[in-house]
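Read through the structure below, which is laid out as structure tokens, and then see the notes.
The values are calculated or read from the model by the stated rules, or taken from the named source; none is laboratory data. Just so you know, these numbers come straight off a predicted model, no measurement behind them. As a convention, Cβ positions derive from the backbone with ideal geometry for all residues, glycine included, and neighbour counts pool all protein chains shown. Note: accessible area is taken over every heavy atom of the protein model, side chains too, but ligands, DNA and RNA are not part of it. Shrake-Rupley method; radii C 1.70, N 1.55, O 1.52, S 1.80 Å.
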Amino acid sequence: MDNQSLNADILILEGLKVTPRSSIAAFIFLLLMYIFIMVANIGLVVLIFMERSLHQPMYLLFCNMSVNEVFGATIVVPHILRDLFVSDSERYIHYIVCVVQAFCVNLYGGVCHTILMTMTFDRYMAICNPLRYTIIMTNWMVVKLSVAAWAVVFVMVSILLSLTIRLSRCRRFIDNAHCDNASLFKLSCEDVVINHAFGLSYSVLLLGSSIGSVTLTYIKIATVCLRSKTKTINSKALQTCATHFTLYIILMFSAFIIIILHRFPHLSDHRKMVSTVGEVALPALNAVIYGLQIKEIRQKIVAFFQRKGHLQ
């Protein structure tokens, strides 16, 4: 269908470039990963809330991560699954739906960082100020940290998208598998210097705060562990911090790869593939790493399946 015959509010998504033969394999892979993300992350949230022994700030803050992973995957994966079997010229999406999806995608990415920053603060208090930990990390503090992790990004992304939707559109083609802010403002023929400037400032602020807080915190934790001669403290610190740091490195690596690839239009196919894999790999890895690495959660999972086995 010719672009001129399309309604101005109807956009076309390029989608993933896969052959008809490989589209079935891609569909099965993404579907299985999506099911695993939903079951694993929702299961972890339910387990943490059901087991009173897991009602600790670290695990309650992690519930934020699981909820965010379910949210991020649900925004993107079902849409990509549908488009795998739709021809290139028929991958339509309404502009309003595209804006909502872009908002949610950017919200998901930002909240990943702010949640990990709140978890960093929790680890800092637990290891560097153990005597004051229970006084400071109350349920009310957990609620405040959780709300702040979402609210700050919500406001920043709202400004980001409001600067984009004010632009007029002279194009209808989204060069991506899903909508995001960068893809949306590329639809305009107007001057987008303000969008680039705010987007860059937002990225620098978010990533700079994230890298700075995590780096300083881990330096402080490492100093405390080196000075301490208690093996129990060092072992506990190493276990929880290694899990958190692994998640952080994976997140930062994927974020930088996508940001860099956005600057090279000729690598759009690679960017779409990396972005799509990130949308399913990161949520799955988070559940696996936390579910299997942290001893308390691993023990509860094993005990749960053992009870199920005895009942049968």
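Which of the trypsin sites (Lys or Arg not before Pro) found in the stretch 131-169 are in a DSSP loop and have at most 14 neighbouring Cβ atoms, other than their own, within 10 Å? Here the trypsin sites (Lys or Arg not before Pro) that fit, given the DSSP loop and packing criteria, are Arg166.
Determine the share of the stretch 1-87's accessible area contributed by carbon and sulfur atoms, expressed in whole percent, with a 1.4 angstrom probe. On the stretch 1-87, the fraction of accessible area on carbon and sulfur atoms equals 69 percent. The fraction of Cα-Cα pairs per 10 angstrom bin, counted from 0 for the stretch 64-162, comes to 14, 34, 26, 15, 7, 3, 0 percent, rounded to whole percents. Once a ≥ b ≥ c are taken as the square roots of the eigenvalues of the Cα gyration tensor of the stretch 101-238, is the result rounded (a/c under 1.5), prolate (a/b larger than b/c) or oblate (a/b not larger than b/c)? The shape class here is prolate.
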